[in-house]
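Here the structure comes first, spelled out in structure tokens, and everything after it is commentary.
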Amino acid sequence: MNTSDMLEQYQRAFAETLGVHSAFGFWKGRVALYAILKAMGIGEGDEVVLPGYTCVMAVNPIVYLRAKPVFVDIEPVTYNIDPNLIEEKITPKTKLIIAQHTYGYPADMDAIMDIGRRKGLPVVEDCCLAIGSKYNGQLAGTFGVAAYFSFQWNKPYTSGLGGMATVTDADLARRIEELYQNDVVRPSTREVGMLRAQLAVYQAVIYPRTTAMAQTLFRLLTKAGLVVGSSATCEFSPTMEPDFFKGMSAVQARRGLRQLGKLDRTIAHRKQMTRVYAELLAERGWPTPKVPAKLDSVLVRYPVRVADKKKALATASRHFVEIGSWFECPLHPIETPLEAYGYYEGMCPQSDRACAEVVNLACHPRTSAASARKSVEFIASIGPAEDQSCI
Ligand SMILES: Cc1ncc(COP(=O)(O)O)c(C=O)c1O
């Protein structure tokens, strides 16, 4: 099967799984967001509302189009945009609200869609951390006019790198299709070759006990240009690379299609891991977050607020435990020059606090009850953050 057949098959299967009008595959999730924004006509001077607790790669596409990201604080239980704080940030220049489903917890879609309807603003969902999560029985990614997904290494399922834009609106689909035909570039043979090799290495050596060391090595190799990293150094600043607008390769589409076929199993495993963590933490007297009953979450990682985040991250690999650091700062990662994006400390206090306290535990298919027990024992030795009355 050639690239376009494979990609078309994957796009069709993805749209069917979600039950939406259509899907478009890209090199990365951030590229999918760029396509959506460009097709919606977002441009200079427009304002885009989004949570101030995200990855900078989800902000760059806004800035690349010379629009302004407007950050709204999060609520502390699900780490999602606080709907009570959205309206005060809306101005005549606001063109869009982005609802991110953080860690896999669905955002409060009733409240967000209501604001969108009343203010005449479309909603786009950031589903990069959430495939299969449901809000009031409805799948995340099917509420807004569009949504986007990521298949990067750490995401709900992976094709190494990859992104999908999905749309519920036929007219928007036609505009993305036009962009795809006219503006999208193909990934180079070298990039695709390196990605293929990395997928093979990942398959062979990455397990919970080896992840921390592998990540350190991977970052060093990325800096040296020896692997295709998730993000080039230039992407930690608001400057777009000339070949940014890249489509999905056949390698990613083939791998993605295979992963999509295993989605039910992946979801069941993630839910099982979530239950295991909740039980093990509760046994140790850890505070339990009061997650609303209407959320049926498929967590990509299990967030916990710890007493000493620095210590947890610095010592995890010595205990062969996989601990994640999302989000290190309100526009992850820590290298982001926040002021260049208009974010200043204190803008989103709940986000600042979550960045200081939260680490996350792995739920991916290579985790098990045994690795969860080890992680929880380690986290318990660090201890919970002191005041967790907010959750
Ligand atoms: C919430 C969120 N949105 C968007 C992205 C961008 O996805 P990608 O790395 O595939 O571009 C990421 C991660 O990188 C993310 O964590």
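The values are calculated or read from the model by the stated rules, or taken from the named source; none is laboratory data. All of these numbers come straight from a predicted model, not from anything done at the bench. Reconstructed Cβ throughout: ideal geometry from the backbone, glycine too, with neighbour counts over all protein chains shown.
One residue is enough: does segment 171-185 have a residue meeting the conditions crowded, with 17+ Cβ neighbours inside 10 Å, within 16 Å of the ligand (Cβ to nearest atom) and of a type outside the set (D, E, K, R)? Looking for residues that are crowded, with 17+ Cβ neighbours inside 10 Å, within 16 Å of the ligand (Cβ to nearest atom) and of a type outside the set (D, E, K, R), one finds at least one in segment 171-185, hence yes. Within segment 1-52, being small (G, A, S), touching a residue at least 60 places away in the same chain (Cβ under 8 Å) and more than 16 Å from the ligand (Cβ to nearest atom) holds for A13, A15, G19, S22, A39. When segment 124-136 is limited to residues that are assigned to a loop (DSSP other than H, G, I, E, B) and surrounded by 24 or more Cβ atoms within 10 Å (Cβ to Cβ), the one that is nearest to the ligand (Cβ to nearest atom) turns out to be C128.
Looking across segment 317-349, the residues that are crowded, with 20+ Cβ neighbours inside 10 Å and more than 28 Å from T239 (Cα to Cα) come down to V321, E322, I323.
The residue that is farthest from the ligand (Cβ to nearest atom), among those in segment 155-170 that are in contact with a His (Cβ under 8 Å, 6 or more places away or on another chain) and not in a strand (DSSP E or B), is A170.
What are the residues in segment 306-343 that are β-branched (V, I, T) and away from the ligand (no atom under 16 Å from the Cβ), if any?
V306, T315, V321, I323
The set of residues in segment 186-195 being surrounded by 13 or more Cβ atoms within 10 Å (Cβ to Cβ) and charged (D, E, K, R) consists of R186, E191.
Examine segment 248-270 for a residue that is of a type outside the set (F, W, Y), outside any helix (DSSP H, G or I) and in contact with a helix residue (DSSP H, G or I) (Cβ under 9 Å, 6 or more places away or on another chain), and state whether such a residue exists. Checked against the condition, which is being of a type outside the set (F, W, Y), outside any helix (DSSP H, G or I) and in contact with a helix residue (DSSP H, G or I) (Cβ under 9 Å, 6 or more places away or on another chain), segment 248-270 yields at least one hit. Among residues of segment 137-154 being surrounded by fewer than 24 Cβ atoms within 10 Å (Cβ to Cβ) and within 12 Å of the ligand (Cβ to nearest atom), the one that is nearest to V201 (Cα to Cα) is W153. For T91, the conditions (1) among the hydroxyl-bearing types (S, T, Y); (2) buried (at least 24 other Cβ atoms within 10 Å of the Cβ); (3) touching an Asp or Glu at 6+ places or on another chain (Cβ under 9 Å) all hold with the exception of (2). For segment 78-102, the set of residues classified as acidic (D, E) and within 21 Å of S297 (Cβ to Cβ) consists of D82 only.
Among the residues of segment 375-391, those that are farther than 20 Å from W326 by Cβ and touching a His at 6+ places or on another chain (Cβ under 9 Å) comprise E377, S381.
When we screen V49, V31 for residues that are β-branched (V, I, T), under 19 Å from L172 (Cβ atoms) and in contact with a Gly (Cβ under 6 Å, 6 or more places away or on another chain), the only hit is V31.
Inclusion of I74 among residues that are of a type in the set (A, V, I, L, M), within 12 Å of the chain's Cα centre (by Cα) and within 16 Å of the ligand (Cβ to nearest atom) is not warranted. Listed by first and then second residue, the pairs with beta-carbon distance under 7 Å, at least 6 apart or on different chains, first residue in segment 154-165 and aromatic (F, W, Y), second within 8 Å of the ligand (Cβ to nearest atom), are Y157/F151. Test Q198 against the criterion of being loosely packed, with under 13 Cβ neighbours inside 10 Å, closer than 24 Å to F26 by Cβ and modelled with pLDDT of 75 or more, and give yes or no. Answer is no for this residue.
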